[in-house]
Amino acid sequence: MRSTFMNTTEKARADRKWYVIDATDKVLGRLASQVAVVLKGKNKPTYTPNIDGGDYVIIVNADKVVLTGKKLEQKKYYRASGYAGGLKSRTAQETLDQYPTKVVEFAVKGMLPKGKLGADMYRRLYVYAGPDHEQQAQKPEQFPLEIK
């Protein structure tokens, strides 16, 4: 027989919220760091490092994110085929033109913990290039960002 007592993991999952963030004219790194805090659950008083108690985050208008300085031309994203000489690279501008959501996803994923816990947090991130998203049924709230 199962007791009615909820352990801390179940409590953390029970009160998850959905937030929507508009990335229009937001600096990429500052946006990603705040999104990572919400995905980790560090904005809650019940934060525990070994428990996944974060919320769901929907980012819209990812194609309108801003990179400061010369990062559009100088920042590179690498991928390897696994074969000798199979290293490919793309600048941030090329990646933003072809795959606008990937730039935001890479930035947020790099700020999450590595391993199973970080993978679970990353699955709660939804990024869309335009203003529309598919999670209307969850009734997401607007998240107040503390960045310029």
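Just so you know, all these numbers are worked out from the coordinates, no wet-lab data involved. Please read these numbers as outputs of a predicted model, since none were measured by experiment. Ideal geometry is used to build each Cβ from the backbone, glycine not excepted, and the neighbour counts take in all protein chains shown.
Annotation note: Cβ proximity below 9 Å between a residue of the range 59-80 that is without any contact (Cβ under 8 Å) to a residue 60 or more places away in the chain and a residue that is among the charged types (D, E, K, R) and part of a strand (DSSP E or B) (sequence gap 6+ or interchain) occurs for LYS64/ASP22; LYS76/ARG90; TYR77/ARG90; TYR78/LYS88; TYR78/ARG90; ARG79/LYS88; ARG79/ARG90; ALA80/LYS88.
Residues of the range 103-117 that are crowded, with 17+ Cβ neighbours inside 10 Å and not in a loop (DSSP other than H, G, I, E, B): VAL103, VAL104, GLU105, ALA107, VAL108, LYS109. Look at the range 123-148: where a residue is without any contact (Cβ under 8 Å) to a residue 24 or more places away in the chain, no partner that is surrounded by 14 or more Cβ atoms within 10 Å (Cβ to Cβ) sits 6+ places away or on another chain with Cβ atoms under 7 Å. Quick check: is even one residue across the range 132-141 surrounded by 11 or more Cβ atoms within 10 Å (Cβ to Cβ) and either under 18 Å from SER33 (Cβ atoms) or of a type in the set (Gly, Ala, Ser) (or both)? No, the range 132-141 contains no residue that is surrounded by 11 or more Cβ atoms within 10 Å (Cβ to Cβ) and either under 18 Å from SER33 (Cβ atoms) or of a type in the set (Gly, Ala, Ser) (or both). Could you tell me whether ILE58 is crowded, with 16+ Cβ neighbours inside 10 Å and over 21 Å from LEU31 (Cα atoms)? Criteria not met by ILE58. Criterion first (among the acidic types (Asp, Glu) and surrounded by 19 or more Cβ atoms within 10 Å (Cβ to Cβ)) does ASP97 satisfy it? Spelling it out, it is not the case that ASP97 is among the acidic types (Asp, Glu) and surrounded by 19 or more Cβ atoms within 10 Å (Cβ to Cβ).
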